[in-house]
């Protein structure tokens, strides 16, 4: 039988969150029922539910940074068992048969991956995310959370962690490489930690030196203020790799000028506005401008294991279910260090609207 659980829901982009009851499907043979212990807030949640990336399917529950404990499993589940510590990220299904899925890149499923929320599921329903007490997910998309990671600091890794780990691994942020992380927010603070743990020399590029102490604590060698006069000329050609985490309008051409010949800028932040640039910025010096989304399930597990091995975790603040609207405004204003995580235990005493 389907299970009714409490969840945070919006009925429209301008409406406040409310505690509502939603149905989780009757578990299929390969399904895992997860009792959610922590749910991270991602800027993607905000973009989606405020219709900044197109019309969302309302009423909607968002959240794709989910950490919890296995409560029940279907008869055919073999990868996890009741009581295991698990997580769910940005995906809950894919075809499993196309070239990309077979290669472990489910995020690039040629037949359309199913997102954790606001996505059409295989049964035609709209997926509902992790701002909830429980979730039901096919075992192929369930990750194991190592014992070294607490639920609250692990949850943001399911998006922010893999979003930064994947491009840093792919474009070789290792020994002898000079890596710049553009922006020290929810994504950037993970990028700094991961790049440093990979052995790169890490520089944080930010508007002011206000976060210098935090950046160095996270593993950065230095912090440069991009607002200083002559910045782009003084640091021209310095970096092998730039991880661009900014979700706002920036002078892309100028930042490409900071790359050494054959260097790469990888974009992981998605601003609502189009970003103009000149092809000359990449042709000169044989540079590359690339994009990266998340990663497949295999790579996401690799990231979790890497973070546990190196003692890396998201820096967070925890909130109750009644504080999410205010937290959204603070995230947009850049007033969070560095991720916000919902303590889902606060659902228990929250009245249903």
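With contacts defined as alpha carbon pairs under 8 Å and 6 or more residues apart, what's the relative contact order of region 126-272 in percent?
Numbers: 234 pairs, mean separation 28.9, N = 147.
Relative contact order of region 126-272: 20 percent.
Please find the FRET efficiency linking residue 210 to residue 55, where r is the Cβ-Cβ separation and R0 is fixed at 25 Å, and quote it to the nearest 0.05. Don't skip to the end; give the middle numbers.
Details: r = 37 Å, r/R0 = 1.47.
After rounding, the FRET efficiency stands at 0.10.
Find the Rg to Rh ratio for region 152-249, where Rh is the Kirkwood radius over alpha-carbon pairs and Rg uses the same atoms.
Values: Rg = 12.8 Å, Rh = 13.4 Å.
Rg/Rh: 0.95.
Assuming R0 = 35 Å, what is the FRET efficiency of residue 284 and residue 123, from their Cβ-Cβ distance, to the nearest 0.05?
Details: r = 51 Å, r/R0 = 1.46.
The calculated FRET efficiency here is 0.10.
What does a probe at residue 69 reach in region 28-61, counting residues whose amide N is under 19 Å from the point 7 Å along Cα→Cβ?
So the set is 32-40.
Compute the separation of the alpha-carbon centres of region 188-259 and region 300-333 and state it in Å as a whole number.
The distance from the Cα centre of region 188-259 to that of region 300-333 comes to 21 Å.
Highest mean first, what order results for 86-93, 144-151 on Cβ atoms within 10 Å? Working shown, then result.
On the way: 86-93: 25.6, 144-151: 16.9.
Answer by packing, highest mean first, reads 86-93, 144-151.
Multiply the residue gap between residue 110 and residue 82 by 0.36 nm, knock off their C-alpha separation, and tell me the result in nm, one decimal place. Numbers along the way, then the final one.
Details: separation 28, 0.36 × 28 = 10.08 nm, distance 3.26 nm.
Additional length available on full extension: 6.8 nm.
In what sequence do 270, 157 fall when counting other Cβ within 10 Å, fewest first? Let's see the in-between values first.
Details: 270 15, 157 32.
Ordered by Cβ neighbours within 10 Å, fewest first: 270, 157.
Which values, in whole Å and largest first, are the semi-axes of the equivalent ellipsoid of region 96-218 obtained as the square root of 5 times each eigenvalue of the Cα gyration tensor? Could the numbers behind the result be given before it?
On the way: eigenvalues 199, 67, 38 Å².
So the three semi-axes of region 96-218 are 32, 18, 14 Å.
Please express the shape of the chain as an equivalent ellipsoid: the semi-axes are the square roots of 5 times the eigenvalues of the C-alpha gyration tensor, given largest first in whole angstrom. Could you put the intermediate results ahead of the total?
Values: eigenvalues 242, 92, 74 Å².
Working through the eigenvalues yields semi-axes of 35, 21, 19 Å.
So how do 189, 43, 235 line up by other beta-carbon neighbours within 10 Å, fewest first? Walk me through the intermediate numbers first.
Numbers: 189 29, 43 21, 235 17.
By the 10 Å Cβ count, ascending, the order reads 235, 43, 189.
Every read-out reported here was derived from the displayed coordinates using simple, explicitly stated rules and does not represent laboratory data. Please read all numbers here as calculations on a predicted model, not as lab measurements. Using ideal geometry, Cβ is built from the backbone for each residue, glycine included, and neighbour counts are taken over all protein chains shown.
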